[in-house]
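S.K.: Have a look at this one before I ask anything.
The values are calculated or read from the model by the stated rules, or taken from the named source; none is laboratory data. Nothing here was measured: the structure is a model prediction, and the numbers come from that model. Reconstructed Cβ throughout: ideal geometry from the backbone, glycine too, with neighbour counts over all protein chains shown.
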Amino acid sequence: MAITMYQADRNFASPQNDASLYSGISADVSGILNRGNAFNVSVNGLTATVDTGQALICGRLVEITSPESLTIPANSSGYICIVVDLSQTNDVFGNVGDPDYSVNVNQVYVSAVTQQYVQQDDLNNGGVIYCFPLIAFSSTATSATLNDRRSVYLNSTWRNLTPAKGTVQQLIYRINNGIVYINANSLFGVQQGDTLFTMPSWTVPATTLNFAVGLRQEKSTNGGSGMGIVRIDTNGAVTLALTPDNAAHNFVYDIWFTTSYPLN
């Protein structure tokens, strides 16, 4: 028969079938889950260490249960990646169904990939290798530095942000399927040019963003309300870039907004 259903009585669903299903459910988006230490990467000399975490990569659940170390090539640049490599063969011990049966999975590993554009085959349509970048690096002969940008988080809970100026009733963000959502409710006492707050490094946009916000001038006798412009730059700084009266930099405003933007 040319038609089948894998979740059918007595049928067999392979890892490939399973991965295709989960990839479809996640809209074919690969990303880090809110688990463990979210693959935090640290570096000492030319040795990088990737902390614990889980990711969904092309529908495959990948987990690091204890920190993994790797060597970064000297005088190079690239990305610390989790690599799914289906060309590798896994090692099998024992017989299926026996209590001592186990599999040593060689088809996933961490690697320093020295390429500007990493290989990302479609593993669910015949591809073999998918490199999931965790963070960028550059190295000298003896040491390496890491870029602030992190890879996509598939989902997180709402998390608090700390205002850099003024006071706030609520300032929160979350990530869902590669989209960052920010909600600022009653941020009091800010002026044009102020940095309002800074987004965490793994949530910064790929390009500078500008969006309109509602403003109310404090201690105004005539309402003093209007629209302003808030800017998020690629370092994560969120700034009140423009107020209704651009010439009156000494005016103090209260601010409200909700916005969202894609990662990467």
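S.K.: Would you confirm, using the coordinates I've provided, whether Ala144 is of a type in the set (A, V, I, L, M, F, W, C), within 24 Å of Ser42 (Cβ to Cβ) and either out of contact with any Pro (no Cβ under 8 Å at 6 or more places or on another chain) or at pLDDT 95 or above (or both)? Explain how you work it out, then say what you get.
M.R.: On the way: of a type in the set (A, V, I, L, M, F, W, C): yes; within 24 Å of Ser42 (Cβ to Cβ): yes; either out of contact with any Pro (no Cβ under 8 Å at 6 or more places or on another chain) or at pLDDT 95 or above (or both): yes.
When the stated conditions are applied, Ala144 passes them.
S.K.: When the residues of the stretch 83-117 are narrowed to those that are free of Cβ contacts under 8 Å to residues at least 40 places away in the same chain and hydrophobic (A, V, I, L, M, F, W, C), which ends up nearest to Val41 (Cα to Cα)?
M.R.: Val113
S.K.: Go through the stretch 192-213 and give me each residue that's buried (at least 16 other Cβ atoms within 10 Å of the Cβ) and out of contact with any strand residue (DSSP E or B) (no Cβ under 6 Å at 6 or more places or on another chain).
M.R.: Met199, Val204
S.K.: Are there any pairs with C-beta distances below 6 angstrom linking a residue in the stretch 191-202 that is more than 9 Å from Thr162 (Cα to Cα) to a residue that is part of a loop (DSSP other than H, G, I, E, B) and charged (D, E, K, R), with the two at least 6 apart or on different chains, and if so which?
M.R.: Qualifying pairs under 6 Å: Asp194/Lys165.
S.K.: For the condition assigned by TED's automatic domain parsing to the domain that holds Asn34, small (Gly, Ala, Ser) and crowded, with 19+ Cβ neighbours inside 10 Å, what is the one hit in Ser76, Ser139, Ser87, Ser102?
M.R.: Details: Ser76 fails: crowded, with 19+ Cβ neighbours inside 10 Å; Ser87 fails: crowded, with 19+ Cβ neighbours inside 10 Å; Ser102 fails: crowded, with 19+ Cβ neighbours inside 10 Å.
Exactly one residue qualifies, and that residue is Ser139.
S.K.: Further question on the same structure: Quick check on the stretch 57-73: of everything there that is of a type in the set (A, V, I, L, M) and surrounded by 14 or more Cβ atoms within 10 Å (Cβ to Cβ), which residue is farthest from Asn34 (Cα to Cα)?
M.R.: Start the filter on the stretch 57-73 by keeping residues that are of a type in the set (A, V, I, L, M), which leaves 57, 61-62, 64, 70, 72.
Still in the list and also surrounded by 14 or more Cβ atoms within 10 Å (Cβ to Cβ): 57, 62, 64, 70, 72.
On the way: Ile57: 14, Val62: 13, Ile64: 13, Leu70: 23, Ile72: 26 Å.
Here the answer is Ile72.
S.K.: Would you be able to say whether some residue in the stretch 28-43 is more than 25 Å from Leu263 (Cβ to Cβ) and within 24 Å of the chain's Cα centre (by Cα)?
M.R.: Scanning the stretch 28-43, I find no residue that is more than 25 Å from Leu263 (Cβ to Cβ) and within 24 Å of the chain's Cα centre (by Cα), so the answer is no.
S.K.: Additional query: Is the stretch 164-177 home to any residue that is surrounded by 15 or more Cβ atoms within 10 Å (Cβ to Cβ), in contact (Cβ under 8 Å) with a residue 60 or more places away in the chain and either in a strand (DSSP E or B) or of a type in the set (Val, Ile, Thr) (or both)?
M.R.: Just the residues of the stretch 164-177 that are surrounded by 15 or more Cβ atoms within 10 Å (Cβ to Cβ), to begin with: 165-166, 168, 171-175.
Checking which are in contact (Cβ under 8 Å) with a residue 60 or more places away in the chain leaves us with 175.
Filter again for either in a strand (DSSP E or B) or of a type in the set (Val, Ile, Thr) (or both), leaving 175.
Checking the stretch 164-177: at least one residue is surrounded by 15 or more Cβ atoms within 10 Å (Cβ to Cβ), in contact (Cβ under 8 Å) with a residue 60 or more places away in the chain and either in a strand (DSSP E or B) or of a type in the set (Val, Ile, Thr) (or both).
S.K.: Can I ask one more? Scan the stretch 35-63 residue by residue and report those that are free of Cβ contacts under 8 Å to residues at least 40 places away in the same chain and among the hydrophobic types (A, V, I, L, M, F, W, C).
M.R.: Scanning the stretch 35-63 gives a single hit, Leu61.
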